[in-house]
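Working notes for the structure below.
Read-outs throughout are calculated quantities, based only on the coordinates presented, and are distinct from any laboratory measurement. Remember, predicted model here, so these are calculated numbers, not experimental data. Neighbour counts are summed over all protein chains in view; Cβ atoms, including those assigned to glycine, are modelled from backbone coordinates with ideal geometry.
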Amino acid sequence: MAIITKPPSHDSERTETRVALQRLSHARSPVRLRNRDAADGRPRGYLRKCGLSRIDMCEPAHRGELHGVHKSSW
């Protein structure tokens, strides 16, 4: 994708890249990829640092298994 927007790239490189992107199906487009929880595949509430959702992070945090994570209460 960077080849298309790069000014010094040749026209042949741009067309090859454009054709390769057009061959991808709609669902496999790199823009449509979504981060998912490694444990259960949940797409929402995903935390990048650990690769888990907030729900799967909450359970070990409540049990005190995660060092440096404190349960918030108000």
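Rounded to the nearest Hz, the phi-derived 3J(HN,Hα) couplings of segment 56-72 under the Karplus curve 6.51 cos²θ - 1.76 cosθ + 1.60 (θ = phi - 60°) are 6, 7, 5, 4, x, 5, 5, 7, x, 8, 9, 6, x, 9, 10, 6, 8, where x marks glycine and proline. A simple spin-label model places pseudo-atoms 7 Å from Cα toward Cβ; at HIS26 and GLU65 they are separated by 4.1 nm. Distant-in-sequence amide contacts of SER53, defined by a placed amide H-H separation under 5 Å and a gap of 5 or more residues or a different chain, comprise ALA38, ALA39, LEU47. The string of couplings for segment 34-50 from the Karplus curve (6.51, -1.76, 1.60, θ = phi - 60°) is 10, 5, 10, 4, 5, 7, 10, x, 5, x, 10, x, 7, 9, 5, 4, 10 Hz, one whole number per residue in order, with x for Gly and Pro.
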